[in-house]
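The values are calculated or read from the model by the stated rules, or taken from the named source; none is laboratory data. On a predicted model such as this, the values are computed, not experimentally measured, just so you know. For neighbour counting, all protein chains shown are included, and Cβ atoms are generated from backbone atoms with ideal geometry for every residue, glycine included. These accessible areas exclude ligands, DNA and RNA; they are computed on the full protein's heavy atoms, side chains included. Shrake-Rupley method; radii C 1.70, N 1.55, O 1.52, S 1.80 Å.
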Amino acid sequence: MRTPSIEIFLALSLALLNDVGAAKSKNRKVEEKPKIGLALAGGSITAANICGSTMRGFQQQRIMIDGEERPAMDAFDYTSGLSGGNFPNLMYAFATDTTSDEILDADGINDPTQITAEALREVPEKSMFAQFTKTIIPTVLRAMAGSFVFGWEFWPQVVYYHFLEPLGIPAHQQMGTDVKQREDAKPTPVVEFSMTGPAEGYPDWLHEHASRKVIAELREAGAADPNVEMPEDWIEIIRASVDAAMAIGIEIPPGYDEFYQVSPESVMNALENSKYQVPVPFFSTPDEVSSLFTAGRLEFDPTSNKTAEPVDFVPYVGSASDEDGIFSLERLLGLGTALLPIILSPNLMGSIIPAKIEELIGDPLTLSVPTADGNMRIMSFADGGYNDATGIPALVALKVRKIISVQVITGQALTLSRDPLYWPVANMKRFFGVVDRLSDLNPDSFGISGAFSNHIFDLYSNDENQLVKLQAMLKKLHEAGNPLIATLHNLNVVDNPFWGTEAGEVVDLTLIFPIGVPKRFSDQIPPDAVPPAENKTSMIDNGFFTNLNLNFAPNSLSQRNIVLGEDIEDEEGNVIIPLEYEIELPLEFKLGVEETRMTNFLLSWMVKDAWEGLQDVEGNVIFEGFKSVLEMTEVVNATVSDAPSTTGPEVMSADDERSPEGQDDSSGGVHNFACSYVGLLVGAFVFAGAAFS
């Protein structure tokens, strides 16, 4: 089966900028507006809905830009998506024959007093949210048929048919020329994804070796700061959860409340000693594919039945196209959301997927990556959740000054804790280099490399522990019944060669934590709009709806039990896919209509409610407001050189001659998101297996 690969043609060579014959530097002072980015976190279709709903909220608000009142979404220079956050990221930017208002349902409700039972049952068909309520199973079967008949790649077909085709986006067209960003969609979309090892070692190397040696190195090196200060009330939440677990017989090993810091230097030393055997972070705009990971020789321990030669990796920025000269939108979205390596893992589905089905879906998405020795290597790529869960690092690497981050906690994750004050520090500690002694260095955890490699901010920026500060601010907002939104100002960026971030940069990081239902929102909902569950007397219990259709909203579970209908037969009446029975299918990769709409209304209200700021119970301002964040009141004084730059990572030149290292170019083919694919494909692949046997 022919599976297209992508060839990276390099551009923007800093080597050319370093030409010794260049003119002498002529520095001049210019004034630049700070870049603003919106980071859209991962977490399956739950994240798609939460992030899209937040974008809806910004589209509904107005702000002055260049003397003109415009939707607040226009104030963002970038939207950076990770995993499930990439669905609204690219749907918003590229939907055709529509407007930003229509695709985001900007004319809809954002006032809880206007919520009705009828409004909760209606999703505008022309909005992106309609696709989040539709089962993906027919799409999966259609994509499998395309792979079987035409040899097309499986996952890019799935994301195209389900998320892009309904929006009028043409297939297999070059981004930037044939597929252009809609004129009224102003931010540049950024997609994070991960290089997951050599194509010839896929997916075994990822499961058997990735990150294991570097974790062993970090454990052997010990803690750089074993006594890092953590918020005491946050530690108490953890201890209470552990006490409850132990009371019912669950054994918890010691060390769950011990935390320490790992510095980027110690991580890079461990990476070097382990031969860089980790997933490597990449990100892409519609025009450029980038990885600023420091240069190094990547080696790959042999798996049970596969070996791979080392790769001399170098940072670069370049354009991308497949063997037909095309870098399509479905391929970019496929790269940013592909979790097939997890699904094919031997301890998940690898042992139960019919062989014929595995042949159809099992080839990796690939890029031909240039190497320092002048060759090209075909490497496998997958969902960016292997390196991050938020979309924040790419924006920092792009030197964005103000970042608004939509944090996503799915219903599956809430089984660990429903306390909204647990998750903010738990999510953010890795960005300050803080890890715990148990889960954060567990090599079997999905996205484990992000736990030790995402240290991009100084914990003690402004001479204050930023995690302690964050917890204190959010606790005050929670006590006042407010949404959990706060800004950490003037965070000092640290040198992190893993992501290419540079010390000297400063970031204002605004964090949105939609966990449960803020009291000030639920208190305004008409009682007849959301009746309580039969055995409950109130609409809300412990911060969540008691109504079973809304129980986890906005932190929804993308899981549904379904009744399968008649068997699928061929023309001769032979059953090819037996479906005539009831079955519990853990995943349809969709949300219920009511929870989709409630999340739309809630997140839009959060943006609206926090537009001018949020206060604690005593009237003290805790969050200055989104309007303050987005208004261009700050000017950055920059020194611009008219001569070539001599700084920054060495980037491979597009003019360098490359040749394959003995490979045929045509041979190459979540966090919370991971949980969401597995159940779906267990069911769909088993059902479909008979069709291709």
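If the cut-off is a Cα-Cα distance under 18 Å, which lysines reach LYS134, setting aside same-chain residues fewer than 8 apart in sequence? Straight-line reach from LYS134, under 18 Å: LYS126, LYS590.
By the scheme Lys and Arg +1, Asp and Glu -1, what is the net charge of all other residues having a beta-carbon under 13 Å from that of GLY504?
On the way: positive: LYS399, ARG401; negative: ASP458, ASP495, GLU502, GLU505.
Net local charge, GLY504 excluded: -2.
Within straight-line reach of LYS356, meaning a Cα separation under 23 Å, sit the following lysines at least 8 residues removed in sequence or on another chain: LYS306.
Histogrammed with a bin width of 10 Å, the alpha carbon distances of the range 476-555 distribute as 16, 33, 19, 16, 12, 3 percent, first bin at zero. Of interest is the spacing of the C-alpha centroids, which for the range 440-475 and the range 199-217 amounts to 24 Å. Take 170-181, 604-615 and order them by the average number of nearby Cβ atoms within 10 Å per residue, most first; the result is 604-615, 170-181.
Apolar share of the accessible surface for the range 66-179: 49 percent from carbon plus sulfur atoms, 1.4 Å probe.
Under 14 Å from the Cβ of ASP66, count the other residues' Cβ atoms, weight Lys and Arg +1, Asp and Glu -1, and hand me the total. Show your work: numbers first, answer last.
On the way: positive: LYS33, ARG62, ARG70, LYS186; negative: GLU68, GLU69, ASP74, ASP77, GLU631.
Taking every Cβ under 14 Å from that of ASP66, the sum is -1.
Other residues lying with their Cβ under 12 Å from the Cβ of PRO187 contribute a combined charge of 0, Lys and Arg counting +1, Asp and Glu -1.
Solvent-accessible area per residue for the range 407-552 at a 1.4 Å probe radius, Å²? Write out the running numbers ahead of the final one.
Working: 5230 Å² over 146 residues.
Using a 1.4 Å probe on heavy atoms only, each residue of the range 407-552 averages 36 Å².
Backbone amide hydrogens, once placed in the peptide plane, bring ILE136 within less than 5 Å of nothing, excluding anything fewer than 5 places away on its chain. For ILE65, the residues whose modelled amide H falls within less than 5 Å of its own, excluding neighbours fewer than 5 places apart on the same chain, are ARG70. Proximity of backbone amide H atoms, modeled 1.01 Å from N, is registered between GLY81 and LEU40, VAL190, VAL191, GLU192 at under 5 Å, excluding neighbours fewer than 5 places apart on the same chain. Taking only the C-alpha atoms of the range 31-188, the Rg (one decimal) and the largest Cα-Cα distance, Dmax (whole number), read 16.9, 56 Å.
Each peptide among 243-249, 114-120, 354-360 gets the average number of other Cβ atoms lying within 10 Å of its residues, and from highest to lowest they stand as 354-360, 114-120, 243-249. Rolling a 1.4 Å probe across the protein heavy atoms gives the range 247-287 an accessible surface of 44 Å² per residue.
Give the Debye-formula value of log10 I(q)/I(0) at each listed q (0.23, 0.33 Å⁻¹), with one equal scatterer per alpha carbon of the range 459-504, two decimals each. At q = 0.23, 0.33 Å⁻¹ the computed log10 ratios are -0.82, -1.11.
Provide the per residue accessible area, probe 1.4 Å, for the range 42-141, rounded to a whole number of square angstrom.
30
The lysines within cross-link reach of LYS33, meaning a Cα-to-Cα straight distance under 30 Å and a gap of 8 or more places when in the same chain, are LYS24, LYS180, LYS186, LYS399, LYS402, LYS429, LYS469, LYS608, LYS627.
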